[in-house]
Amino acid sequence: MIGTSFGLTDEQREIQQLARDFARNEIAPAAEHFDKTHEFPWPIIKKAQELGLTSMNVPEQYGGLGLSLFEEVLVGEELAWGCTGVSTAISATGLGWLPILIAGSEAHKEAYGGRIADGELAAYCVTEPEAGSNVAGIKTNARKVDGGYIINGRKTFITGAPEASFYTVFAYTDREKKHKGMSGFIVDRDTEGVSVTKPFDKLGQHASSTAGVIFEDVFIPDEKLLGSEGMGFLIAMKVFDKSRPGTAAGAIGLAQRALDECIRYAKERESFGKQIFQHQAIGHMIADMAMNVEAARLLTHKSAWLVDQGTPATKIASFAKAFSADHAMKIAVDAVQVFGGYGFMSEYPVEKLMRDAKIFQIYEGTSQIQRNIIVRELFGKSR
Ligand SMILES: Cc1cc2nc3c(=O)[nH]c(=O)nc-3n(C[C@H](O)[C@H](O)[C@H](O)COP(=O)(O)OP(=O)(O)OC[C@H]3O[C@@H](n4cnc5c(N)ncnc54)[C@H](O)[C@@H]3O)c2cc1C
């Protein structure tokens, strides 16, 4: 096991290879098409569903693959190598499912885990137009009424919102109690009063859809509350501990792809009578890429493994997320440099990688917020 021998079990190798083959045979060849058209990659999603890749973190008893977070990270890196827009579209359901896994009742898990296993998609609704980093600043309200709650509010930047058939949604049930008054709910897309905005046009990850979700007097029965009233903020924070290693893995897949493209190109391209990697400036840039991809991978594997052991992993999950995202961005920018003028052209792969990389420093908590968490972990607790 990783952490002791750094080895993978036979099953882990198998699932990693399955994801690698899927990325090379299904995702990478279609990536340019979905990047250019901004279409949702339904044909790939359907094939991913057949392999269980949209239900990786749904336990087997509810019909999913039941992978550990460490295994999910292995798979996530491979899929992201093919295209991070497509891999984000695949993994968004796993994120939407996490609040149910963390705080849902047996009935929730059976019903919604089963729906995911049957091919339905989910989305995670926290962010609002005026509250992203500051989760406690959300305005969405859930007013208690007989038999349930009436939800009103507006979520934005929700990955997979247009295609999802249910959402995990955070809202205040008691604003006076500040973040202790926030609660989590499961909301079916077809509930009266729920609507989805037109998807946003984005810098990158065009294959992944991002839209707003609006709740207007939406009645949600008591049974759709996750855990108990007031648990919402805690659930959202627990989701981040589990989701950040996966997001880091996406950044690593992108960075590994940029590195692979650079190694290939720097051997083919010549200037001043030499292959360009033989110019020390280019060779060293690629050496730095390789070092940082490996370092990001080790941090991410460790963070996922700790989560699987049930060990507190908030600090290392933030290390992994910030380090992987920041290095993926730098590596993608450097990859464009290695390709010179061709790097700026969309017919070469690194231009897309540079556009796709940026989001890793923003979603699932920005790189600044990760550092705030690290400072809090370093200074906020007695050691
Ligand atoms: C493509 C995409 C997909 C997304 N998918 C989802 C999703 O599925 N579900 C969901 O709920 N959300 C999603 N998000 C939202 C995402 O998590 C937020 O955009 C992100 O957390 C940042 O919030 P914000 O955009 O409001 O920026 P702000 O919070 O307004 O931050 C703006 C800038 O200020 C900095 N900043 C803010 N506060 C601090 C601070 N205390 N200290 C230092 N710097 C600070 C930030 O780092 C950032 O640089 C997505 C966003 C995008 C762009």
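The values are calculated or read from the model by the stated rules, or taken from the named source; none is laboratory data. Note that the structure is a prediction, hence the values are computed from the model and not measured. Positions of Cβ are generated from backbone atoms using ideal geometry, with glycine treated the same way; all protein chains shown enter the neighbour counts. Surface accessibility is based on the protein's heavy atoms, side chains included, excluding ligands, DNA and RNA. Shrake-Rupley method; radii C 1.70, N 1.55, O 1.52, S 1.80 Å.
A28 - would you say it is over 24 Å from P199 (Cα atoms) and touching a residue at least 40 places away in the same chain (Cβ under 8 Å)? No: the conditions fail for A28. Highlighted here are the strands (runs of 3 or more DSSP E) found entirely within region 156-258 that include at least 1 residues which are in contact (Cβ under 8 Å) with a residue 40 or more places away in the chain and more than 17 Å from T93 (Cβ to Cβ): 166-172, 182-188, 210-221.
Screening region 186-213 for residues that are over 24 Å from G85 (Cα atoms) and more than 14 Å from the ligand (Cβ to nearest atom) and picking the one that is least open to solvent (accessible area, probe 1.4 Å) gives I186.
Screening K202, K198, K178 for residues that are among the basic types (K, R) and either assigned by TED's automatic domain parsing to the domain that holds G250 or closer than 18 Å to L234 by Cβ (or both) leaves exactly one candidate, K178.
Total residues in region 118-152 satisfying the condition of being in contact (Cβ under 8 Å) with a residue 60 or more places away in the chain, assigned to a strand (DSSP E or B), within 12 Å of the ligand (Cβ to nearest atom) and not aromatic (F, W, Y): the figure is 2. Does K352 satisfy the criteria of being in the same structural domain as A255 (by TED's automatic domain parsing), within 16 Å of the ligand (Cβ to nearest atom) and within 12 Å of T84 (Cβ to Cβ)? Taking the combined requirement at face value, the residue satisfies it.
Against the test of being in contact (Cβ under 8 Å) with a residue 12 or more places away in the chain and over 24 Å from R244 (Cβ atoms), the options G52, G104, G63 yield a single qualifying residue, G63.
If you go through region 345-362 and keep only what is out of contact with any Leu (no Cβ under 8 Å at 6 or more places or on another chain) and open to solvent by 50 Å² or more (accessible area, probe 1.4 Å), you end up with M345, S346, E347, Y348, M354, I362.
Restricting the search to helices (runs of 4 or more DSSP H) fully inside region 300-383 and requiring at least 3 residues that are more than 17 Å from A255 (Cα to Cα) and charged (D, E, K, R) gives 367-379.
Residues in region 214-255 that are of a type in the set (F, W, Y) and under 20 Å from A161 (Cα atoms) were compared, and the one that is least open to solvent (accessible area, probe 1.4 Å) is F215.
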